[in-house]
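Shown next, in C-alpha cells, is the structure this report addresses.
The values are calculated or read from the model by the stated rules, or taken from the named source; none is laboratory data. Note that the structure is a prediction, hence the values are computed from the model and not measured. Cβ atoms come from the backbone with ideal geometry, glycine included; neighbour counts cover every protein chain shown. The accessibility values were calculated without ligands, DNA or RNA, using every heavy atom of the protein model including side chains. Shrake-Rupley method; radii C 1.70, N 1.55, O 1.52, S 1.80 Å.
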Amino acid sequence: MEQILQTTYLWLKAGHIIFVIFWMAGLFMLPRYFVYHQEAEPGSAEEARWIDREAKLRRIILTPSMIMVWVFGVALATGMHFWSAPWLHAKLLFVLGLTGYHGWLVGYGKKLAKGQRPLTGTKLRMLNEIPGLAAAVIVVLVVVKPF
Ligand code: HEM
C-alpha cells in the first residue's frame, strides 16, 4: 500500500512539473507574440497570422496547461496533507498572481484582435519578466520550503 501511494505521488508530481513547463513556456511566448503582432501593419495579412498564432497558443498550450497544473497541484496538496503548510499558502499567492497574469494576457490578446494596441512594445517586454520572477519564487518556496 505504502509503495502504491509513493508511486502515485511521484506520478502526480511528474505530471505537475510537465504541465508547469508547458504553462510557463506559453506565458513566456505569448507576450513575445504580442510584441511582433504590434509591429505588423494594422489590418495586414501579417497581423491576421499573429492573431491566429496567438489563438492557437492560447487554446492548445496555455489554457489546458494551466488547468492541468492546478489539477495536479491540488491533488498533490490534498494527497500529501499540505493545505495547512505556510510555504504552500505563500506559493498559492504567487500562483494566483500568475493565473491573474494569464487572464490579463488573454484579455490583451482579445483587444489586439479587435485592432487596439494599449501598451508599447517596451512595456510588453518589461511585463515579460513577471512569469520568470514568479516562477523563481514559487520553485524556492516548494523545494526549500523556508517556512
Ligand atoms: C496551481 C496551483 C499549484 C498547487 C496547488 C501546487 C502544489 C504543489 C504541491 C503540493 C507539490 C508537492 C510538494 C512536495 O511534494 O514537496 C508541488 C510540487 C512542485 N510544484 Fe507546484 N503547485 C502549483 C503550481 C505550481 C507552479 C505554477 C509551479 C512553477 C512555476 C510549481 C512548481 C512546482 C515544482 C517545481 C514542484 C516539485 C517540488 C519538489 O519535488 O521538491 N507549482 N506543487
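Checking the stated criteria, Ala134 turns out to be among the small types (Gly, Ala, Ser), in contact with a helix residue (DSSP H, G or I) (Cβ under 6 Å, 6 or more places away or on another chain) and either open to solvent by less than 70 Å² (accessible area, probe 1.4 Å) or within 30 Å of Ala14 (Cβ to Cβ) (or both).
Return yes or no: is Val106 surrounded by fewer than 17 Cβ atoms within 10 Å (Cβ to Cβ), away from the ligand (no atom under 16 Å from the Cβ) and under 19 Å from Leu27 (Cα atoms)? So Val106 passes the test.
Within region 64-81, does at least one residue satisfy the condition of being assigned to a loop (DSSP other than H, G, I, E, B) and surrounded by fewer than 16 Cβ atoms within 10 Å (Cβ to Cβ)? Checked against the condition, which is being assigned to a loop (DSSP other than H, G, I, E, B) and surrounded by fewer than 16 Cβ atoms within 10 Å (Cβ to Cβ), region 64-81 yields at least one hit.
Conditions (1) closer than 22 Å to Val142 by Cα; (2) modelled with pLDDT of 95 or more; (3) more than 9 Å from the ligand (Cβ to nearest atom); (4) out of contact with any Asp or Glu (no Cβ under 9 Å at 6 or more places or on another chain), marked per residue:
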{"position": "Arg53", "(1), (2), (3), (4)": "no, yes, yes, yes"}
{"position": "Ser65", "(1), (2), (3), (4)": "yes, yes, yes, yes"}
{"position": "Val69", "(1), (2), (3), (4)": "yes, yes, no, yes"}
{"position": "Val74", "(1), (2), (3), (4)": "yes, yes, no, yes"}
{"position": "His81", "(1), (2), (3), (4)": "yes, yes, yes, yes"}
{"position": "Leu98", "(1), (2), (3), (4)": "yes, yes, no, yes"}
{"position": "Tyr101", "(1), (2), (3), (4)": "yes, yes, yes, yes"}
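Of all residues in region 90-119, those satisfying the criterion of being farther than 23 Å from Ala77 by Cα and out of contact with any helix residue (DSSP H, G or I) (no Cβ under 8 Å at 6 or more places or on another chain) are Gly103, Trp104, Gly107, Lys110, Lys111, Lys114, Gly115, Gln116. For region 7-24, the set of residues classified as within 11 Å of the ligand (Cβ to nearest atom), of a type outside the set (Phe, Trp, Tyr) and either out of contact with any Gly (no Cβ under 9 Å at 6 or more places or on another chain) or farther than 21 Å from Glu54 by Cβ (or both) consists of Leu10, Leu12, Lys13, Ala14, Gly15, His16, Ile17, Ile18, Val20, Ile21, listed by residue number.
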